[in-house]
Amino acid sequence: MSVAAISTSAPAARLSREEWLMRLGVVLLVCWLMLVIALPLWALLSKSFQNADGRFIGLANYVRYFSTPTLYGSILNSVGVAIVTTGIVIPLAFTYAYALTRSRMPFRSLFYAGAMLPLFAPSLLSAISLIYLFGNQGLLKGLLFGGSIYGPVGIIVAQVFYCFPHALIIAVTALALADARLYEVADALGTRKSRIFRTVTLPGAKFGLINAGFVVFTLVVTDFGIAKVIGGQFNVLATDAYKQVVGQQNFEMGAVVGMVLLAPAVLAFVIDRMVQRRQVALLSARAVPLEPKENRARDIALLAFCLFIVGLLIVVLGTAIWASFITYWPYNLTLTLKNYAFGAFDQSGWSSYGNSVAMAAGAAILGTAIVFTGAYLVEKTKVFAGGRMIAHLLAMLPMAVPGLVLGLGYVFFVNASWNPLKILYGTLAVLVINCVAHFYTVAHITALTALKQIDPEFESVSASLKVPFWRTFRRVTVPICMPAILDIAVYLFVNALTTVSAVIFLYGADTKLASIAIVHMDEAGVTSGAAAMATVIVATALGVKLLHVLLDRVVFMRWQAWRRR
């Protein structure tokens, strides 16, 4: 064989080897997503059609569920509080976002940061604060005029605090981009401000508001922590699932409740996808960025509104933090650190906090590596189109699956008699895997967004220079996308640290998490210890976020220096 023939066949052989590795990567990604997402959901669905002995009984469990008034009433209760909460949160979030994007009030960045504080706390922290303020021994219980904070009122108020930042992020995104020419034409025609708002501003933001509405609705229906702490005798779907599985060991009925709980989330997801298909681009290449004009009266009014909202958020968060240092609320307000001696209230003591940090760190490290590598295989490789499409669909599935439902699915899937993975039940490993699966979609979308911004010519040039794709991935793609990678890691860490619903069924005797310890301490009546543990979680999450900001600056200074002129 001639030298020329050898030189031509060698690259071809290497390219085929790279293609084989890419295909193998896509197959492994699909298998991973099937294992951690699809199979647990299938196990949950199968369990709902079986009896206690594992025999198929058709719809008998569903018939029994819907013929039990107390269980069926939980659906109406969940939907009711979700609708009311959504009706409160969306106008508040829209007005706050309008103040941040369409006014010239001062300290807008500070107000935005203040509104994000609930994201760094477990959902049940707001419920604990409301108990300290309006509970049976609350400082302000007289303001309820004989009413009780335990029940739907408490759930709604606590959910407003918890859901507000989620809706605000979407509302700010919806209002951030606008074409100034539309407003200039309206002003030139002498259109009233109210009509401009009704015919230009609202239509431009309607898809974002609809999306925010579905997000809030789903969060409320599927949240477990708030209803558990402050719901009292008011039954909702999330607490019903907990009672059936943990309280009564009725796994079949727990599976039915899980499937019922999945229905509103899936319906909201489907409607949201249908609405987004009708969305059109509102910002063209010739658009002029909208700069808010000076309007002193408007800015003062919006500043007062933002001060009021962020003040309420700080009061709710601050109440729990303050109460964690109080000797005996509300009779002895002397400061103490005794509430942080967790071993006196819970047998796990501080180890539950250590478990949470270890689990969150594991989810951040493992999840970021899998999510970003998987997104690269889906977006940047051009082999095995069918496999990449399946991987993308599976990656989008967790967005429509509540954490409580996925946790139930893991219970039935991991503990199946035929499954060799049953040894993982109750370990940190299964908690890490569950959290990565639960928060996979947002991280996947973030990675895809970053990868789509990289011109495909990078891969083309690397291929023409005979550079293996894994070297391009390591030396080009990862450094360019490092800010997004850090965002994904922090997102996974904070959410894994604060989640309750996704892990309530999966911990073991040695792997109890801080968020679970809060639930147990509250059940035992040790609200001060629960507030202290929640405070520790908030401090840790905020500390990680501050570290992220510092690392982000270092990353942009060193690895992103090429972006600057």
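Side notes on the structure shown:
- Evaluation of Phe412 against (1) crowded, with 24+ Cβ neighbours inside 10 Å; (2) closer than 13 Å to Val503 by Cβ (one fails), failing number: (2)
- Inside segment 70-101, residues that are surrounded by fewer than 20 Cβ atoms within 10 Å (Cβ to Cβ) and farther than 17 Å from Ile309 by Cα make up a count of 8.
- Exclusive hit being modelled with pLDDT of 80 or more and either surrounded by 11 or more Cβ atoms within 10 Å (Cβ to Cβ) or over 14 Å from Phe413 (Cβ atoms) (or both), set Leu15, Leu21: Leu21
- Selected residue (criterion: farthest from Leu92 (Cα to Cα)) from residues of segment 146-186 that are of a type in the set (Phe, Trp, Tyr) and modelled with pLDDT of 90 or more: Tyr150
- Scanning segment 393-415 for residues that are touching a residue at least 40 places away in the same chain (Cβ under 8 Å), out of contact with any Ser or Thr (no Cβ under 6 Å at 6 or more places or on another chain) and of a type outside the set (Val, Ile, Thr) yields Leu394, Ala395, Leu397, Ala400, Leu406, Gly407, Leu408, Gly409, Tyr410, Phe412, Phe413.
- Of all the numbered requirements in (1) modelled with pLDDT of 85 or more; (2) in contact with a Pro (Cβ under 6 Å, 6 or more places away or on another chain); (3) farther than 30 Å from Lys422 by Cα, Trp559 misses one, and that requirement is (1).
- Residue satisfying condition, being closer than 20 Å to Ala358 by Cβ and not assigned by TED's automatic domain parsing to the domain that holds Val215, within set Val503, Val442, Val476, Val526: Val503
- Condition broken by Ala364, with the remaining ones in (1) of a type in the set (A, V, I, L, M, F, W, C); (2) over 28 Å from Trp32 (Cα atoms); (3) at pLDDT 95 or above satisfied: (2)
- Segment 270-306, subset under 26 Å from the mean Cα position of the chain (by Cα) and of a type outside the set (Val, Ile, Thr), residue modelled with the highest pLDDT: Cys306
- Across segment 403-412, a minimum of one residue is classified as β-branched (Val, Ile, Thr) and closer than 19 Å to Phe49 by Cα.
- A single member of Lys243, Lys228 is within 30 Å of Arg55 (Cβ to Cβ), modelled with pLDDT of 80 or more, part of a helix (DSSP H, G or I) and not acidic (Asp, Glu), and it is Lys243.
- Residue that is within 19 Å of Ala227 (Cα to Cα), in contact with a Pro (Cβ under 6 Å, 6 or more places away or on another chain), touching a residue at least 12 places away in the same chain (Cβ under 8 Å) and aliphatic (A, V, I, L, M), where the choices are Ala514, Ala534: Ala534
- From the list Ala489, Ala484, Ala496, Ala437, the one residue that fits, being modelled with pLDDT of 85 or more and closer than 30 Å to Arg17 by Cβ, is Ala484.
- Residues of segment 323-339 that are surrounded by fewer than 18 Cβ atoms within 10 Å (Cβ to Cβ) and touching a Ser or Thr at 6+ places or on another chain (Cβ under 9 Å): Thr327, Tyr328, Leu333, Thr334, Leu335, Thr336, Lys338.
The values are calculated or read from the model by the stated rules, or taken from the named source; none is laboratory data. Because the structure is a prediction, the values reported are computed rather than measured. Reconstructed Cβ throughout: ideal geometry from the backbone, glycine too, with neighbour counts over all protein chains shown.
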